[in-house]
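*Asks:* Here it is, the structure, as C-alpha cells.
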Amino acid sequence: MGSIRRAGALALILGVLFAPAAAEASPVRVAALQAALQALRLYDGYVDGVEGPLTRRAIVSLQRRRGLAADGVFGPRTRRALGWRGRPGLGSRPMRFGNKGWDVAGLQYLLQRAGSGAGRADGLFGPLTEAAVKRAQAAAGITVDGVAGAQTLRALRGGDTGSGSTPTGSVPTGPVRFLRPVSGPMGDGFGVNRGDHLHSGIDFPVPEGTPVGAAGVGSVIFAGYNSGGYGNLVVVQHRLGYTSWYAHLSSIAVSSGQAVDGGTRIGYVGSTGNSTGPHLHFEVRRYDTPIDPAPLLLSTVAGRAMTPARRGPSGGCDEIGRVTRGSARRGDWIAVERLCAER
Ligand SMILES: [Zn+2]
C-alpha cells in the first residue's frame, strides 16, 4: 500500500518535472525560437522545428550579446531577451492581421507544416499569413474568418501533444510526389555544371507559350519578376517544407496568396531573366534547399490533368480535380497520379 502511494507520488513528481521538459522539445516552440533568432540575424538555418547545433549556437550568441550565462539552454531569461519576439505564448490570444510575436511565428510554422503555409515564419501576421489561415480554416471545415483562435490552433495541431512525437491529425502521411509542370522531354537535369554554379533544377525545353501547371496542391507565395535570373517566377508552397519554382515564364496567371491544386495553370513558358531561349526551369526546394525533383516526378503532366474537355465531358480526367480537392486526399498528397486512363 505504502509503496503504491510512493509510486503514485513519484509519478506525480516525474509528471511535474518532465511535463515542462516535454514542452521544451515541442517543434512549434523550437520553430518560434528559430524564427526569432533568424530575425535577429543570429540563425541562418531553416525554421523547421528541429533543435540542432545551429539553433543551439544561435542561442549562445544571443546569450552572449545580452550578457546572460552562455549555456545554450533556452530558459525564461533567454526568452525575455528576445523582446517582443519572445512573447506572447501561443494560444494566449486570437491572432489576427497586424499582430506580431512569438505566437504568430508558431502559427506560421504550423500552417507551413499543414501545407497551407504563409511561405515564411517571421512572426508578422500579414496578408499571406491571413490568406493561409483562411485556407487552413476552409480545409478543416471551421469558420473562415482569418483569425487564428483556439479552434484553428486545434485543427492545425491535430494530434500534436507537444511531446515532439509525430502528430497524427494535421500532418499527412502520403508520399511526396509532383506532377510534371509541362508536357515535353527533360533537358538539363539537376546538378549539371554551369561553369560558375551547379544547375539547381530541371529544364524543360518546350516552346514559348506552353501552359505551365502547378506540380501539386499548395499556395502561391511568390508571383512576379525575379531580378536574380529567374525572370518571371512563380513559387508554390507545399506541405512538409517543400516549394516548387517555375522560372523564365513569358506571363504569370496566378497571384500571391492564391491556393492551387495540381494542374492549376500558373503561367506560360518564356525566356525571361537569365535564359538563352524558351524553356521552363523547374525547381523543387525542401526548407529552401534545392533538391533533385526527378525522382519525385509522376508520369502525369499537370497541364494535361486539368483539361478534361480534351477527353470529353465524362472522360474521367475531371476525377483528378475532385480527388485532389477532396479534404482527405488533399491532406495526404502533394500530387496524385493520373486517375483516368489514356483514351
Ligand atoms: Zn534551369
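*Asks:* Quick one: which residue in Leu62, Leu54, Leu110, Leu82 is closer than 23 Å to Tyr287 by Cβ and under 19 Å from the mean Cα position of the chain (by Cα)?
*Replies:* On the way: Leu62 fails: under 19 Å from the mean Cα position of the chain (by Cα); Leu54 fails: under 19 Å from the mean Cα position of the chain (by Cα); Leu82 fails: under 19 Å from the mean Cα position of the chain (by Cα).
Testing whether each residue is closer than 23 Å to Tyr287 by Cβ and under 19 Å from the mean Cα position of the chain (by Cα) leaves just Leu110.
*Asks:* Thr173: assigned to a loop (DSSP other than H, G, I, E, B), modelled with pLDDT under 85 and of a type in the set (Val, Ile, Thr), yes or no?
*Replies:* It is true that Thr173 is assigned to a loop (DSSP other than H, G, I, E, B), modelled with pLDDT under 85 and of a type in the set (Val, Ile, Thr).
*Asks:* Looking only at the range 201-214, decide whether some residue is away from the ligand (no atom under 13 Å from the Cβ), assigned to a strand (DSSP E or B), within 19 Å of Arg113 (Cα to Cα) and not aromatic (Phe, Trp, Tyr).
*Replies:* No, the range 201-214 contains no residue that is away from the ligand (no atom under 13 Å from the Cβ), assigned to a strand (DSSP E or B), within 19 Å of Arg113 (Cα to Cα) and not aromatic (Phe, Trp, Tyr).
*Asks:* Report, by residue number, each residue of the range 259-287 that is more than 16 Å from the ligand (Cβ to nearest atom) and either farther than 30 Å from Thr129 by Cβ or touching a Pro at 6+ places or on another chain (Cβ under 7 Å) (or both). Show your work before the answer.
*Replies:* Of the range 259-287, the ones more than 16 Å from the ligand (Cβ to nearest atom) are 259-266, 268, 286-287.
Listed by number, the residues that qualify are Arg265, Tyr268.
*Asks:* Further, regarding this structure: Residues of the range 135-151 being crowded, with 16+ Cβ neighbours inside 10 Å and free of Cβ contacts under 8 Å to residues at least 40 places away in the same chain, which ones?
*Replies:* Within the range 135-151, Ala136, Gln137, Ala140 meet the criteria.
*Asks:* Go through (1) away from the ligand (no atom under 16 Å from the Cβ); (2) farther than 11 Å from Leu280 by Cα and name the single condition Ser183 misses.
*Replies:* (2)
*Asks:* Separate question: Have a look at Ser256, Ser275, Ser299, Ser250 and point out the one that is modelled with pLDDT of 80 or more and farther than 17 Å from Thr210 by Cα.
*Replies:* Exactly one residue qualifies, and that residue is Ser256.
*Asks:* Further question: Is it the case that the range 91-100 has a residue that's without any contact (Cβ under 8 Å) to a residue 40 or more places away in the chain, of a type in the set (S, T, N, Q), more than 15 Å from Phe125 (Cβ to Cβ) and buried (at least 16 other Cβ atoms within 10 Å of the Cβ)?
*Replies:* Start the filter on the range 91-100 by keeping residues that are without any contact (Cβ under 8 Å) to a residue 40 or more places away in the chain, which leaves 92-93, 98-100.
Now drop any that are not of a type in the set (S, T, N, Q), which leaves 92, 99.
Then keep just the ones that are more than 15 Å from Phe125 (Cβ to Cβ); that gives none.
For the range 91-100, residues without any contact (Cβ under 8 Å) to a residue 40 or more places away in the chain, of a type in the set (S, T, N, Q), more than 15 Å from Phe125 (Cβ to Cβ) and buried (at least 16 other Cβ atoms within 10 Å of the Cβ): absent.
*Asks:* Report yes if some residue within the range 288-301 is within 15 Å of the chain's Cα centre (by Cα) and within 13 Å of the ligand (Cβ to nearest atom); otherwise report no.
*Replies:* Scanning the range 288-301, I find at least one residue that is within 15 Å of the chain's Cα centre (by Cα) and within 13 Å of the ligand (Cβ to nearest atom), so the answer is yes.
*Asks:* So, in the range 189-200, how many residues would count as being more than 25 Å from the chain's Cα centre (by Cα) and near the ligand (Cβ under 9 Å from one of its atoms)?
*Replies:* Of the residues in the range 189-200, 2 are more than 25 Å from the chain's Cα centre (by Cα) and near the ligand (Cβ under 9 Å from one of its atoms).
*Asks:* Does the range 225-242 hold any residues that are in a strand (DSSP E or B), at negative phi and either free of Cβ contacts under 8 Å to residues at least 60 places away in the same chain or more than 16 Å from the ligand (Cβ to nearest atom) (or both), and which are they?
*Replies:* Result: Tyr225, Asn226, Asn232, Leu233, Val234, Val236, Gln237, Tyr242.
*Asks:* Pick from the range 138-154 the residues that are outside any loop (DSSP other than H, G, I, E, B) and at pLDDT 90 or above: which of them is nearest to Val47 (Cα to Cα)?
*Replies:* Going through the qualifying residues, I end up with Leu153.
The values are calculated or read from the model by the stated rules, or taken from the named source; none is laboratory data. None of these values were measured; they are calculated from a predicted model. We place every Cβ from the backbone using ideal geometry, glycine too, and count neighbours over all the protein chains shown.
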